[in-house]
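Engineer: Okay, here's the structure, questions in a sec.
The values are calculated or read from the model by the stated rules, or taken from the named source; none is laboratory data. If you're wondering where the values come from, they're calculated on a predicted model, not measured in any experiment. Cβ placement follows ideal geometry from the backbone for every residue including glycine, while neighbour counts extend to all protein chains displayed.
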Amino acid sequence: MRWDGNRESGNIEDRRGGGGGGGGMPLLGGGRIGMGTLAIALIGWLVFDINPVTLLEAMSGGGQMQVQQGPAQRPPTDDPMVRFVSVVLADTEDVWRDIFSKQGAQYRDPRLVLFTGATPTACGTGQAAMGPFYCPADEKVYIDLGFYETMRNRLGAPGDFAQAYVIAHEVGHHVQNLLGISEKVQAQRQRLSEKAGNALSVRQELQADCFAGVWAHHAQQARQILESGDLEEALNAASQIGDDTLQRSVGRAVVPDSFTHGSGKQRVRWFREGFEHGDMHRCNTFQAASL
């Protein structure tokens, strides 16, 4: 991926080094949890896509967040990985500002928070074990950059464009939030059965994949960011983090009714849809007859 020398975003917040240590991590209600609890939460996320924040809250007794946030810190300028994610975030800003502007709307940039271990969010305590996530309540994307090592070594999804896809997917959730889609989905899920709610969540996640493809399309058209093999990296990542692939990876039977992000094949299809056409209106997974 051609990124070096491109504009870097100023919407980066560095909280690294502020997480918990071996004795457990701060959680909601002032409690602490050990690595065994984190492992359970991770399995819940990978296999059943139970919201890890919700699961960790329940396991710690719930309560209100009591962790204080310090002032936002700027990341160091000599860290190549930080520079990379800053460039990717800036590119998503450029693309989505333009798309929104052409529709007579204004895009509001999200912030990207770098952290290790655990960090407070407006959606609860974020844990590195969750992988990257977006919190609509504070309009921030959270990522422990160690997740990229997990992608490369455990999930079989290496490559810088695969890493960019992860950020673009979370920014896709931010786009959904700005459009009011996330709020409608959340309200509707509360009225549905677990099975129907999971199916609705799949459509929401696949739309975020499609939005990631829309970003890639426009970034390539404007700045020719792709090198040989980059698209394949993103498609492989989409496949490797499909619910079916993750369920198999932990030795479980594939249970489609438990899917909340979609199969690898579905995730590949919708990223391709966005990438090939660059039209966010083609990302209406909620009205698609088949996924």
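Engineer: Can you spot a residue in the stretch 176-186 that is exposed (fewer than 15 other Cβ atoms within 10 Å of the Cβ), under 18 Å from PRO158 (Cα atoms), modelled with pLDDT of 95 or more and not aromatic (Phe, Trp, Tyr)?
Structural biologist: no
Engineer: Among the residues in the stretch 99-115, are any under 30 Å from ARG248 (Cα atoms), modelled with pLDDT under 95 and either in contact with a Phe, Trp or Tyr (Cβ under 7 Å, 6 or more places away or on another chain) or not in a loop (DSSP other than H, G, I, E, B) (or both)?
Structural biologist: The answer is no; no qualifying residue exists.
Engineer: Mind telling me which of the residues SER228, SER239 ends up being in a helix (DSSP H, G or I), under 26 Å from MET151 (Cα atoms), out of contact with any Cys (no Cβ under 7 Å at 6 or more places or on another chain) and hydroxyl-bearing (Ser, Thr, Tyr)?
Structural biologist: When all the criteria are applied, what remains is SER239.
Engineer: Is it the case that the stretch 203-211 has a residue that's aliphatic (A, V, I, L, M), crowded, with 24+ Cβ neighbours inside 10 Å and either farther than 18 Å from CYS135 by Cα or out of contact with any Phe, Trp or Tyr (no Cβ under 6 Å at 6 or more places or on another chain) (or both)?
Structural biologist: First, the residues of the stretch 203-211 that are aliphatic (A, V, I, L, M): 206, 208.
Then drop every residue that is not crowded, with 24+ Cβ neighbours inside 10 Å, which leaves 206, 208.
Adding the requirement that they be either farther than 18 Å from CYS135 by Cα or out of contact with any Phe, Trp or Tyr (no Cβ under 6 Å at 6 or more places or on another chain) (or both) leaves 208.
Yes, because at least one residue in the stretch 203-211 is aliphatic (A, V, I, L, M), crowded, with 24+ Cβ neighbours inside 10 Å and either farther than 18 Å from CYS135 by Cα or out of contact with any Phe, Trp or Tyr (no Cβ under 6 Å at 6 or more places or on another chain) (or both).
Engineer: As an exercise: evaluate GLU205 against (1) acidic (Asp, Glu); (2) over 19 Å from CYS123 (Cβ atoms); (3) within 16 Å of the chain's Cα centre (by Cα) and give the number of the one condition it does not meet.
Structural biologist: So the condition that GLU205 fails would be (2).
Engineer: Does the stretch 242-252 include one or more residues that are at pLDDT 95 or above and of a type in the set (Lys, Arg)?
Structural biologist: no
Engineer: Could you go through the stretch 116-134 and let me know if any residue there is of a type in the set (Phe, Trp, Tyr) and over 14 Å from the mean Cα position of the chain (by Cα). Step through it out loud before you land on a result.
Structural biologist: So the first thing to find is which residues in the stretch 116-134 are of a type in the set (Phe, Trp, Tyr), and the list is 133-134.
Pick out the ones that are also over 14 Å from the mean Cα position of the chain (by Cα) and you get none.
Within the stretch 116-134 (the criterion being of a type in the set (Phe, Trp, Tyr) and over 14 Å from the mean Cα position of the chain (by Cα)), the answer is no, since none of the residues qualifies.
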